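All of the numbers you see were taken from the coordinates with simple rules; none came from a lab. In this text the structure is predicted, and so the values were computed from the model without any measurement. Cβ sites come from the backbone with ideal geometry, for glycine too, and all protein chains shown count toward neighbours.
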Amino acid sequence: MNKNYVKVSKNSILQYREDYDVLVCSLRSSRIKAKQLAILELFLVLSQIGCLFIINGPLGDIKGIISFFINKKKRNLLHSLLKNVGYCDKFYILDFDNPDANSTPELVSVNKLMWKGIPFSVHKYYEQDRAIYKKHSSHNRDFFIYGNDGLIKKVKGYRGDGSDTGRRALPVEDSRLMVNLCVPYKAKTLMDPFAGSGGILHEARYIAPHLTLISVDIDPVLEPGLKKYADKHYAMDASDVILEDTVIDAIVTEVPFSPAATDSVIKVFEHLSKCLSYNGRIVFMCQVEQYEELKLCMKDLQLCPLIEKPVNRKGTDVVISAWYKRKEKVGKLQGFHEAVSKIY
């Protein structure tokens, strides 16, 4: 049995049922096509309590469904993890002991509820709080900026100036996903060198309160708001930041969406990579048109790709990628990636 994923047969399902619950995860409709990213995110989050990705899981006819085996003894810890997931927001448990119980009407299968010859019912286990999601959204978060008069003022739904390099509205689900891809529970320090209105920092604090957060943005208008989110803020070009003895475990950022800014982004990555820890990682989102140059930059920095996937974000084609400093960390997931890529 592979420690990351499993293909279940009629002969093996009884063995798994003894020790594991089957957790069925439903993708957000906004990210329904980003299944490989969602699978990796779930795996990295659920690995904190031990999990197995099920290649041939139940309810396969329902779009946007992902299944994992979860240790039954750790079920009480699930809520604290599932609230942090970005690309899935509803979670269900299969009940093999009570197959005739009324199943949730939210998951409608054209087939009889049966997996590997064993009938089951399915029940909602957890749904993320929509009020929290709405409160965290860039449209609703309170943010502080310097006004034209030089005084600090509170604004709601700050989204930047709308220019190619000034868009500041990263969706909550993308912020959470990117933070989770850096494995925040194994990090001490996270930095966003293009922090904007602080969406990544906000979700990093929500997901992993223990983190020391560092923000950078060249726009001085944003300094009051970012100081409230980060433990340390630099109002300057990130390529000029001097961190002295500070070691960064994770750089997570949405780079400026403009091909004209790509050279500047590369300069920042080259500069900050010198401060990455032994287990350091870089997770970033960029426009599709920017990615090839930034990919070459990552390779020049001797970083290894954990995942590279396109996402259509409200009509904007972007790429989300995660790069790790230690190649052996990525190598341990090679079989997992190959198994997932053959299916999705």
message: Let me make sure I get this right: for the stretch 225-344, a, b and c are the square roots of the gyration tensor eigenvalues over alpha carbons, sorted descending. Under 1.5 in a/c it's rounded, otherwise prolate if a/b > b/c, else oblate. Which is it?
response: oblate
message: How much length would be gained if the chain were fully extended between His123 and Asn98, taking 0.36 nm per residue of separation minus their Cα-Cα distance, in nm to one decimal?
response: 7.9 nm
- request: Could you work out the equivalent-ellipsoid semi-axes for the chain, taking the square root of 5 times each eigenvalue of the Cα gyration tensor, largest first, in whole Å?
  value: 38, 22, 17
- request: Quote the charge dipole size of the stretch 87-192 about the Cα centre in Debye, to the nearest 20; the model charges only the Cβ of Lys and Arg (+1) and of Asp and Glu (-1).
  value: 340 debye
- line: Expected unfolding gain across Gln36-Val288 under the 0.36 nm per residue rule, minus the alpha-carbon gap, is 89.0 nm
Cα centroid separation, the stretch 21-74 to the stretch 94-153 (Å): 13 Å
query: Does anyone have the angle between helix 172-181 and the longest principal axis of the chain? Alpha-carbon axes, 0 to 90°, nearest 10?
result: 80 degrees
field: Choice from Pro171, Pro193, Pro209 showing the highest fluctuation, given a GNM over the chain with Cα pairs closer than 10 Å
entry: Pro209
field: C-alpha long axis of helix 35-46 to longest principal axis of the chain, angle in °
entry: 90 degrees
message: Using Cα-Cα distances under 8 Å and only pairs 6 or more residues apart, what relative contact order does the stretch 5-128 have, in percent?
response: 31 percent
- prompt: With the calculation restricted to Cα positions, what are the radius of gyration and Dmax of the stretch 133-331 in angstrom?
  reply: 15.6, 54
task: Indicate the gyration tensor shape class of the stretch 5-128 (rounded, prolate or oblate), computed on the Cα atoms with a ≥ b ≥ c the square roots of the eigenvalues: a/c under 1.5 is rounded; otherwise a/b larger than b/c is prolate and the rest oblate.
output: rounded
- request: Could you pull out the pairs from Lys74/Lys188; Lys153/Lys325; Lys124/Lys227; Lys227/Lys327 whose alpha carbons sit more than 29 Å apart here?
  value: Lys153/Lys325; Lys124/Lys227; Lys227/Lys327
message: Multiplying the sequence separation of Ser9 and Arg130 by 0.36 nm and subtracting their Cα-Cα distance, what value in nm do you get?
response: 39.9 nm
- line: Most exposed first, judged by fewest Cβ atoms within 10 angstrom, Lys35, Lys327 run Lys327, Lys35
field: Local electrostatic count, Lys10, Cβ distance below 14 Å [Lys/Arg +1, Asp/Glu -1]
entry: +3
field: the chain - Cys residues lacking any other Cys C-beta under 4.7 Å
entry: Cys51, Cys182, Cys275, Cys286, Cys297, Cys304
Spatially proximal aspartates and glutamates relative to Lys7 (Cα-Cα < 19 Å; intrachain offsets below 8 disregarded): Glu18, Asp19, Asp21, Asp61, Glu338
- prompt: Which of the GluC sites (Glu not before Pro) across the stretch 240-278 are loop residues per DSSP, with 12 or fewer other Cβ within 10 Å?
  reply: Glu244
- prompt: For helix 288-300, what angle does its Cα long axis make with the longest principal axis of the chain, in degrees from 0 to 90 and rounded to 10?
  reply: 90 degrees
